[in-house]
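Peer 1: Here's a structure for you.
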Amino acid sequence: MRAEFHARLVRSLSVLILPFLAIPLGQSGRRGRRAYGFVIGLIVLALYNNLLRFGEALADDGAISPWLGIWVPLVALTALSFGLFYWAAYRSARLPPDVLIQHLEDAVLRQVRRFLPGLRRT
């Protein structure tokens, strides 16, 4: 019963944190940007939900404390959300996932151009 109470409380508090995750992932850094933020947001939410279910199951069995199994994923989501929000608000309009994906695209294009010298940059 304690695990169920903690899980319901954490899910209710998660709703307050989600806008701080959605805003930086939803903002567009440049024109014509692909929807990386949407995909990353879906992955983060699916992972968070699975971690909560797993922690709740472990807490129901008495293997771990509800504080550890249920509240740690909320703390991690909060840290990620506020970290991305701070990055978007004060550091750079381009979030770390955008920068990483841009570097990967550039590396792939360099390798392709190496084998196809006639390929132009768009």
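The values are calculated or read from the model by the stated rules, or taken from the named source; none is laboratory data. The structure presented is a predicted model; accordingly, all values stated were derived computationally and were not measured. Every residue, glycine among them, receives a Cβ derived from its backbone with ideal geometry; neighbour counts consider all protein chains shown.
Peer 1: Quick one: in the stretch 3-18, of everything that is of a type outside the set (A, V, I, L, M) and over 15 Å from Leu45 (Cα atoms), which residue is surrounded by the most Cβ atoms within 10 Å (Cβ to Cβ)?
Peer 2: Step by step, filter the stretch 3-18, then rank; the result is His6.
Peer 1: Let me ask something additional. Out of the residues in the stretch 45-66 that are more than 22 Å from Leu18 (Cβ to Cβ) and surrounded by fewer than 17 Cβ atoms within 10 Å (Cβ to Cβ), which is nearest to the chain's Cα centre (by Cα)?
Peer 2: Ranking the qualifying residues of the stretch 45-66, first place goes to Ala57.
Conditions tested, residue by residue: (1) among the charged types (D, E, K, R); (2) at pLDDT 75 or above; (3) touching a Pro at 6+ places or on another chain (Cβ under 6 Å).
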residue: Asp61; (1), (2), (3): yes, yes, no
residue: Pro66; (1), (2), (3): no, yes, no
residue: Ser81; (1), (2), (3): no, yes, no
residue: Phe85; (1), (2), (3): no, yes, yes
residue: Ala88; (1), (2), (3): no, yes, yes
residue: Leu100; (1), (2), (3): no, no, no
residue: Arg110; (1), (2), (3): yes, yes, no
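Peer 1: Output yes when any residue across the stretch 25-39 is at pLDDT 80 or above and touching a helix residue (DSSP H, G or I) at 6+ places or on another chain (Cβ under 6 Å), and no when none is.
Peer 2: Checking the stretch 25-39: at least one residue is at pLDDT 80 or above and touching a helix residue (DSSP H, G or I) at 6+ places or on another chain (Cβ under 6 Å).
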